[in-house]
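What follows is one structure encoded as structure tokens, with my remarks underneath.
The values are calculated or read from the model by the stated rules, or taken from the named source; none is laboratory data. What you are looking at is a predicted structure, and each value in this text was computed from that prediction instead of being measured. Virtual Cβ from ideal backbone geometry, glycine too; neighbours counted across all protein chains shown. We work out accessible area using only protein heavy atoms, side chains counted, and drop any ligands, DNA or RNA first. Shrake-Rupley method; radii C 1.70, N 1.55, O 1.52, S 1.80 Å.
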Amino acid sequence: MAEKKTNRRDFLFTATYAVGAVGAGAVVWPMIDQMNPDASVKALASTEVDVSSVGPGKTITVLWRGKPVFIRRRTDKEIEEARSVKLEDLKHPEKDEDRAQNPEWLVMLGVCTHLGCVPLDQKGDYNGWFCPCHGSHYDTSGRIRKGPAPTNMEIPKYEFVNANTIKIG
Amino acid sequence: MSDHEYNPKSKFGKWFNDRLPLLTLANHLTDYPTPKNLNYWWTFGGILTFCLITQIVTGLVLAMHYIAHADMAFDSVEHIMRDVNYGWLIRYIHANGASMFFLAVYIHIFRSLFYGSYKAPREIIWIIGIIIYLLMMAAAFMGYVLPWGQMSFWGATVITNLFSAIPLVGEGIVTWLWGGYSVDNPTLTRFFTLHYLIPFLILGLVVLHIWALHVPGNNNPVGIDIKKPSKDTVPFHPYIVIKDGFALLMFMIVFAFFVFYTPNILGHADNYIEADPLVTPAHIVPEWYLLPFYAILRSVPDKLLGVIAMLSAIFILAALPWLDTSKIRSAVFRPLYRQFYWILVADVLILGYVGAMPAEGLYLLIARVATAYYFLHFLVILPVLGFKEKTLPLPISITEPVLGGSPNLAAAKNREGLKE
């Protein structure tokens with residue numbers, strides 16, 4: 001066969017494929033993106049919680065974006081435990097100071113980072129949380145200490161609107 | 001497909017068949033030459049077809065009464081159980097039907113493993129079968145979510161979270177699967193849609209599975225190639241139809257026992273509690289048919305590697321025709337493989353057992369050993385065995401071991417040829 005030369009027809013083929021690919025992408029993307037969170041789900045993205053009735057050593061669980069959020073008013077002993085741990089001992093090193101803006105209040109997603117179960121309060125080897133599904137132990141700062149979970153329990157975006165109200169999200 | 005031409009007797013039949021050769025197809029299926037030594041392990045293909053049809057018909061009826069909404073799904077299932085005429089029966093058939101389907105498919109798969117049915121020239125049949133098996137697991141999982149009980153919700157949460165193990169895009173994929181930030185109504189409605197769709201995909205693949213089967217014809221317990229049609233074969237109808245029908249009746253007795261006497265024994269009591277996103281049940285276990293893979297997932301201490309191990313355990317089956325290097329199909333003539341086969345069966349049963357137990361202490365140790373052995377079997381033992389094993393001599397036909405053959409192979413082969 002003779003040496004292949006690029007000609008006008010090759011340009012037309014390439015251009016047609018390119019336009020076709022863009023067209024196919026433009027059709028496929030809406031079909032994929034429709035499965036992402038919709039506007040009504042996103043609209044529920046923040047919640048205000050009144051914490052005035054939560055005494056020291058108590059945890060309340062609120063639903064935010066369909067997920068449980070633990071709001072724990074920690075005792076001095078728990079804060080002391082959380083802050084005295086050496087970072088080298090942690091699987092996912094994070095300072096307690098970075099996890100709790102106000103040391104008395106720990107606000108975090110009550111979702112085990114392994115496969116999404118809800119850990120149990122005041123259980124496990126580190127007096128924090130224990131996930132019954134696959135045995136992950138968390139400390140009083142919600143940091144992973146033992147078990148299959150890869151990271152610490154997540155801290156959502158939150159702020160104190162006033163002394164008794166926390167806005168999550 | 002058989003080569004012979006089929007000529008319908010009636011004039012209308014001929015007219016129709018010339019335009020759409022359905023009668024040729026029907027004739028092919030009735031006359032289809034089948035090895036005459038097929039044992040009862042070969043009846044599970046027909047039983048599985050029955051299971052698929054049962055699931056589709058009962059599922060269709062349930063969908064007329066079920067409401068796919070997070071606020072109403074649980075109540076609508078109770079409505080089916082209490083108010084709908086025979087709703088309890090239809091739902092129990094559908095729920096236990098899933099278990100019966102898996103029971104039959106596991107027997108079907110292990111029959112292939114014993115008799116080497118996945119080997120050339122039947123690799124495509126085998127791979128289509130593996131795809132059907134994967135789709136069955138997807139359909140079963142999504143179906144289990146629909147009643148919106150505690151096990152539904154938390155099973156869905158745990159399984160969809162497996163995708164979060166993927167680096168970088170994992171979290172995005174999970175949110176996309178959920179259609180939100182947790183398992184919720186959007187998840188339920190899409191699972192319902194897919195649960196409705198998948199059985200029809202399976203039906204299409206079953207047609208391909210049977211089509212691919214009819215090209216080389218059935219493997220058989222002796223595992224040798226046979227001439228078709230010959231005195232080693234019988235027509236599918238009536239011989240195999242009657243045999244499959246009898247096996248199906250026996251199978252339906254087991255099926256009916258579960259439906260009528262212990263309809264909930266294969267389920268979990270927790271699934272009669274409505275889904276609660278704030279409370280995880282103390283002990284989450286999947287349905288029995290997924291337990292071996294669940295054990296493999298939990299035996300690996302790392303999240304991503306655990307997921308990879310679990311998926312590999314399934315996908316490794318697709319590579320089986322090339323991992324097994326032995327030219328001999330049937331384990332009847334492979335004295336060493338036969339022993340390893342039964343060790344594998346025991347290994348999978350052990351994995352299933354520890355998958356139902358808490359992942360700690362001795363159970364975890366056993367799960368790890370059994371997981372390692374599972375991969376050892378497919379990746380080391382099978383490839384090596386094909387070269388090392390001293391296999392037994394194969395008969396030259398199915399009839400020969402029964403009626404006796406000449407010690408002179410050439411003469412015997414010649415005689416076989418003459419009797420065509």
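Below are the figures for this structure:
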{"item": "Segment A:40-112-segment B:1-51 distance, computed between alpha-carbon centres (Å)", "result": "67 Å"}
{"item": "Accessible area of chain A divided out per residue, in Å², using a probe of 1.4 angstrom", "result": "57 Å²"}
{"item": "Loss of accessible area when A meets B, both sides summed, Å² nearest 100, probe 1.4 Å", "result": "2200 Å²"}
{"item": "Length-normalised contact order for chain B - Cα pairs under 8 Å, 6+ apart - percent", "result": "21 percent"}
{"item": "Mean projection area, nm², convex hull over Cα of segment B:199-315", "result": "12.7 nm²"}
{"item": "MRE, 222 nm, helices only [DSSP H, n ≥ 4, -39500 (n - 2.57), over the protein assembly as shown, to nearest 500]", "result": "-16500 deg cm²/dmol"}
{"item": "For chain B, convex hull of alpha carbons as volume per residue, Å³", "result": "178 Å³"}
{"item": "Carbon plus sulfur fraction of accessible area for the protein assembly as shown, probe 1.4 Å, in percent", "result": "67 percent"}
{"item": "Principal axis dimensions, segment A:5-138 - Cα atoms, whole angstrom, descending", "result": "79, 38, 29"}
{"item": "Kirkwood hydrodynamic radius of segment B:143-237, Cα pairs, Å", "result": "17.2 Å"}
{"item": "Pair residue B:135, residue B:123: separation of 7 Å Cα→Cβ label points (nm)", "result": "2.2 nm"}
{"item": "Two-site label geometry, residue A:123 and residue B:82: point separation in nm, points 7 Å out along Cα→Cβ", "result": "3.1 nm"}
{"item": "Förster radius 30 Å - calculated FRET efficiency between residue B:369 and residue B:304 (Cβ-Cβ, nearest 0.05)", "result": "0.85"}
{"item": "Minimum 50 Å² accessible area buried by the other protein chains, segment A:60-96 residues, probe 1.4 Å, relative to alone", "result": "A:65"}
{"item": "Helix B:303-315 axis, angle to chain B major axis (alpha carbon atoms, nearest 10°)", "result": "30 degrees"}
{"item": "FRET efficiency for residue A:164 and residue B:362, using Cβ-Cβ distance with R0 set to 45 Å, rounded to 0.05", "result": "0.35"}
{"item": "Residues of segment B:290-339 buried by at least 10 Å² on assembly (accessible area, 1.4 Å probe, chain alone as reference)", "result": "B:294, B:297, B:298, B:301, B:303"}
{"item": "Exercise: per-residue mean of other protein chain Cβ atoms within 10 Å, A:104-112", "result": "2"}
{"item": "Residue B:18 versus residue A:19: modelled label distance in nm, points set 7 Å from Cα along the beta carbon direction", "result": "4.6 nm"}
{"item": "Area accessible to solvent at residue B:400, 1.4 Å probe radius, in Å²", "result": "40 Å²"}
{"item": "Accessible area expressed per residue, chain B, with surrounding protein chains retained (probe 1.4 Å, Å²)", "result": "49 Å²"}
{"item": "Unit Cα scatterers, Debye sum, the protein assembly as shown: log10 I(q)/I(0) for q = 0.06 Å⁻¹", "result": "-0.44"}
{"item": "12 Å beta-carbon shell around residue B:212, net charge (K/R +1, D/E -1)", "result": "0"}
{"item": "Equivalent-ellipsoid semi-axes of segment B:1-149, from the Cα gyration tensor, Å, largest first", "result": "38, 24, 13"}
{"item": "Choice from B:41, B:176, B:322 with maximal GNM fluctuation in chain B (Cα, 10 Å cutoff)", "result": "B:176"}
